[in-house]
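Shown next, in structure tokens, is the structure this report addresses.
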Amino acid sequence: PHQFWQTQPMPNINEMDKLKPGPIQLGVLAEVRKDPFNLIEKYEWFNVDLRNEEQAQQVYTLLKENYVEDDDNMFRFDYSIEFLRWALLPPGQYADWLVGVRVNQKLVGFISGIPVTLFIENQQNKVKMTEINFLCVHKKIRSNRLAPVLIKEITRRVHIKNMWQAVYTAGIVVPTPISQTRYYHRSLNAKKLIEVGFSSLSARQTISRQQKLYKLPEEPKTPGLRPMKKKDVAQVTKLLNEYLKNFKLYFKYTEEEVKHWFLPRKDVISTYVVEKEQGIVTDFLSFYNLPSQVINNPKHTHLKAAYSYYNVATQTPIVQLMYDALILAKNEGFDVFNALDIMDNDKFLKELMFCSGDGQLNYYLYNWKLENDMLKPEEIGIVLV
Ligand code: MYA
Ligand code: JJ1
């Protein structure tokens, strides 16, 4: 049933379950194919330069019109150009890991990789690999097996760099997830969520009751909470790397990477630190800005969603820290605050009135067998944007 995935080095397919933990196949650099995979006539490979305005616009439009939708096709992610530059131009990025397919100059397919260092299950397994994201094929040419060609081509380009593993997430299940996590949602603008069909009113509920239920104070509560600045990078890096050791899957961050991923960028990423004593950062919270287009609604075109990124609480109670995150997000104009049930999120989701959504997020490792086939959501320490 999985014509393509059957051929790939994934656990529990083709009796690969008898494997020992670690890489499933060992790669040989000299054996990596030197030339790109063949495309059918008129289709051509195209390395996207996101710093170029027109090319960034082309990726933006392809994704805006053809990327991920919810189960009922009511909402579609609308990643902004500045967001895509943040997500896809991190330190050390390779020019040929932003892979496009064009027909008559028009972009109809895309897949991206970025370099990451991932710890898997224990501190001995530190692996340089790629994080794959934004696989997209234009709606008009779906089901023609272009996706496997995109995947094979980026795999080749990663192999050429002598890297043999990948990490990625998807809403769907393909061979073979290493963890299944769930989305949770916290209403910030109850009226709008109902108007766009993101949430529905139960029999005994009214809009005004919901508004009252989800009401938030005007200002955050934690003394010393302020936006992260350049001078915080060293302390945030230490707090983050130390915290992430609690999990079975996590990235190792350099200070340069923390600068890139955490320094606030307008309409992309918000990070707030707690500076209690002069100069000492004890906690931080962060969320990214990913709106969804509302597909068929007379009144609203977009839903403004904040997504929980990484939060580290060493002095402030986590519930209080995340309550402040909700207040900040509300004040920045977001309609909903989303989080997965990963890391320590379970410690605040219920208490802060998040509700489980209808979407799942499956985590995958390419060409790696875990000691224990599945990780629990709370063992996952990575967030892909
Ligand atoms: S997840 C987000 C994926 N994007 C979307 O959902 C956007 C909307 N949908 C589309 O654009 C298309 O439907 C896509 C498929 C492009 C998804 N992950 O070309 P096809 C398999 C893995 O005829 P299309 C993200 O970005 C499918 O099972 N495989 O289908 C992470 C079937 O194979 P098999 C997927 O609908 C991506 C084959 O493709 C996915 O026209 C990680 C059908 O191809 C999926 N999300 O296009 C990719 N969807 O017959 C893997 C479909 O075997 C990376 N398929 O069942 C692997 C690591 C690579 C690097 C390794 C380095 C060492
Ligand atoms: O947003 C999602 N679901 C929402 C909307 C559902 C609309 C009908 N299908 C949801 N709402 C109900 C909760 C409500 C929130 C406010 C308070 C009261 C309760 O459940 C879902 C996640 O739950 N989103 C998606 O399905 C989008 C796709 C997710 C997969 C993403 C894959 C990306 C992979 C790339 O790395």
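The values are calculated or read from the model by the stated rules, or taken from the named source; none is laboratory data. This is a predicted model, so every value here is computed, not measured. Please note: Cβ atoms are built from the backbone with ideal geometry, for glycine as well, and neighbour counts cover all protein chains shown. Heads up: the accessible areas ignore ligands, DNA and RNA and are worked out on the full protein's heavy atoms, side chains in. Shrake-Rupley method; radii C 1.70, N 1.55, O 1.52, S 1.80 Å.
Some points to look at:
- For the stretch 180-379, relative contact order (Cα pairs under 8 Å, six or more residues apart, normalised by length) works out to 32 percent.
- 17 Å cut-off, amide nitrogen to a point 7 angstrom out along Gln123 Cα→Cβ, residues in the stretch 245-285: 245-254
- Here the simple spin-label model places points 7 Å from the Cα toward Cβ, and for Lys231 and Asn104 these points are separated by 5.8 nm.
- Fully extending the segment from Lys152 to Asp96, taken as 0.36 nm per residue of separation minus the present Cα-Cα distance, adds 18.8 nm.
- Degrees between helix 233-244 axis and first principal axis of the chain (Cα, 0 to 90, nearest 10): 80
- Over 20 Å apart at the Cα level, from the set Lys64/Lys139; Lys34/Lys252; Lys212/Lys347; Lys230/Lys266; Lys161/Lys259; Lys64/Lys215, are Lys34/Lys252; Lys212/Lys347; Lys161/Lys259; Lys64/Lys215.
- Most fluctuating residue given options Asp96, Asp71, Asp344, as computed from a GNM of the chain linking Cα atoms under 10 Å: Asp71
- Over the C-alpha trace of the stretch 5-171, radius of gyration and Dmax come out as 16.8, 49 angstrom.
- In this Cβ point-charge picture (+1 for Lys and Arg, -1 for Asp and Glu), the chain has a dipole of about 320 debye about its Cα centre.
- Over the chain, relative contact order from alpha-carbon pairs under 8 Å, at least 6 apart, %: 23
- Length, then width, then depth: along the principal axes, the Cα atoms of the stretch 56-113 run 38, 29, 17 Å.
- Here the calculated FRET efficiency for Asp358 and Ser143, from their Cβ-Cβ distance with R0 = 22 Å, stands at 0.35, rounded to the nearest 0.05.
- On Cα atoms only, tilt of 318-331 relative to the major axis of the chain in degrees: 90
- Measuring nothing but protein heavy atoms, the accessible surface of the stretch 1-109 at 1.4 Å probe radius is 49 percent carbon and sulfur.
- Fraction of beta bridges assigned by DSSP in the stretch 5-171 that are antiparallel (%, nearest 5): 90
- Residue order by solvent-accessible surface for Phe251, Phe198 is Phe198, Phe251, largest first, with ligands and nucleic acids left out and a 1.4 Å probe.
- Averaged over its residues, the chain has an accessible area of 48 Å² per residue, based on protein heavy atoms and a 1.4 Å probe.
- Two-decimal log10 I(q)/I(0) for the stretch 180-379, as the Debye equation yields it once each C-alpha is a single scatterer, q = 0.11, 0.14, 0.18, 0.19 Å⁻¹: -0.56, -0.88, -1.33, -1.43
- Basic side chains Lys and Arg get +1 at the Cβ, acidic Asp and Glu get -1 at the Cβ, and with that the dipole of the stretch 323-377 about its Cα centre reaches some 80 debye.
- Cα-centre dipole for the stretch 154-207 with unit charges at Cβ (Lys and Arg positive, Asp and Glu negative), debye to 20: 140
- Exposed GluC sites (Glu not before Pro) absent - longest run of the chain, DSSP non-H/G/I/E/B, at most 10 other C-beta within 10 Å: 42-217
- Cα gyration tensor category, rounded, prolate or oblate, for the stretch 127-285 with a/c compared to 1.5: oblate
- Max mean-square fluctuation residue, GNM over the chain, Cα-Cα springs under 10 Å, options Leu88, Leu340, Leu19: Leu19
- For Tyr243, solvent-accessible area (1.4 Å; no DNA, RNA or ligand), Å²: 30
- Straight-line reach from Lys192: taking Cα to Cα under 14 Å and skipping same-chain neighbours fewer than 8 places apart, the aspartates and glutamates in range are Asp335.
- What the Cα convex hull of the chain gives, in volume per residue, is 154 Å³.
- Relative contact order computed over the stretch 5-171 (Cα-Cα under 8 Å; 6+ residues apart), in percent: 22
- Ordering Phe110, Gln123, His138 by the projection of their Cα atoms onto the charge dipole of the stretch 106-151, which places +1 on the Cβ of Lys and Arg and -1 on the Cβ of Asp and Glu, puts His138 at the extreme positive end.
- Residue among Leu39, Leu244, Leu50 with the largest mean-square fluctuation in a Gaussian network model of the chain, springs linking Cα atoms under 10 Å: Leu39
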